[in-house]
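To keep things clear, I will list the structure first and then write my remarks on it.
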């Protein structure tokens, strides 16, 4: 019973503490605490100003649909006027107050409103696809930045291990040179290799700093505040192999870029149609009441039509129609060009991804582990006399390049998976790792 009471008190205390932290703003943002494969895309999308700008543009497009939605093309016009009529003659004179009221309303008869609404809806559809495209681009950039940072981190760790191994060889070489067992130049060669590895460590350190700063900035934080803790491995984006195996021609037609161009083409064609319908005169129906003459009441109705004039004399919208149609044809050409480029991109990125996968397979776990073990044991081999210094230096350089090539191959493999995922149109913004 006492233990249950203690547990209950502990739960209440934890809940109160969590409430206090939340209320006081002390609860840490998960995106500002640690970056992983699970949250890097989500956090980048939440902080992206590009996505926010495209969404704001979408709001503007939706507002334009509201602007073309009213049933009447213009507001009714109420005209009021008043006057005083006076007549005089040699025998008498008469006065009368005259007033006039007219209510006029323009009416569209050619369906211009419906075409304008369809054109605005097509623009909204195009902008919604741009929002999706911006999210996908930001997600791809987030994956690239994440893989670059992970590769730089792995290379830095490798450089630290290689530095310890080459320094051990250099120490043994100097010890044997001091004893007169080898020429001093052999010790200098070992020093040169150690210095080269130290340069590699500094370069990896710089790339790590740049990669982490890029991720911090992408998450909307200040890089000057220092790097974030992040964890992950150089493993490609999931689902790429399956998408490539099931790739078909329909995948090109369903790309957001293609859908954007198709919606823009429809919007321009509808705009041209709206201009054609605008050439049909809109009648203006009017109702009037007046007190004319000497208190004579008059009620009536009327209709007015604009007079269309041909050529450049009147307003025929010929130029606007030709412009919209030409732009629609241009967008159709851009769509065809993009589809052609996209098919080429899919072919090249697929070949690159498959080639990178084979390259990574060549660096088997056993081979890499054996190379690192051999590198760490070079000092002992030299000290025991089983391996000459110059042979050890040559071996050391080969093993160092092999280990660095392993990290570079995995980095290129991961980046190739991102390129292929973008080319295939995979939803990177919402995919599982």
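Computed values, structure above
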read-out	value
Residues of region 309-321 satisfying the condition of being under 17 Å from residue 115 (Cα atoms) and in a helix (DSSP H, G or I)	320, 321
All helices (runs of 4 or more DSSP H) inside region 175-283 with 2 or more residues being in contact with a strand residue (DSSP E or B) (Cβ under 8 Å, 6 or more places away or on another chain), buried (at least 19 other Cβ atoms within 10 Å of the Cβ) and in contact (Cβ under 8 Å) with a residue 60 or more places away in the chain	184-218
Looking only at region 294-333, and only at residues there that are touching a residue at least 60 places away in the same chain (Cβ under 8 Å) and surrounded by 16 or more Cβ atoms within 10 Å (Cβ to Cβ), the one that is farthest from residue 97 (Cα to Cα)	332
Hey, residue 113 part of a helix (DSSP H, G or I), modelled with pLDDT under 90 and within 26 Å of residue 75 (Cα to Cα) or not	yes
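Conditions tested, residue by residue: (1) touching a helix residue (DSSP H, G or I) at 6+ places or on another chain (Cβ under 9 Å); (2) surrounded by 13 or more Cβ atoms within 10 Å (Cβ to Cβ).
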position: 71; (1), (2): yes, no
position: 78; (1), (2): no, no
position: 95; (1), (2): no, no
position: 115; (1), (2): yes, yes
position: 120; (1), (2): yes, yes
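The values are calculated or read from the model by the stated rules, or taken from the named source; none is laboratory data. All figures in this text were calculated on a predicted structure; none of them were measured in a lab. We place every Cβ from the backbone using ideal geometry, glycine too, and count neighbours over all the protein chains shown.
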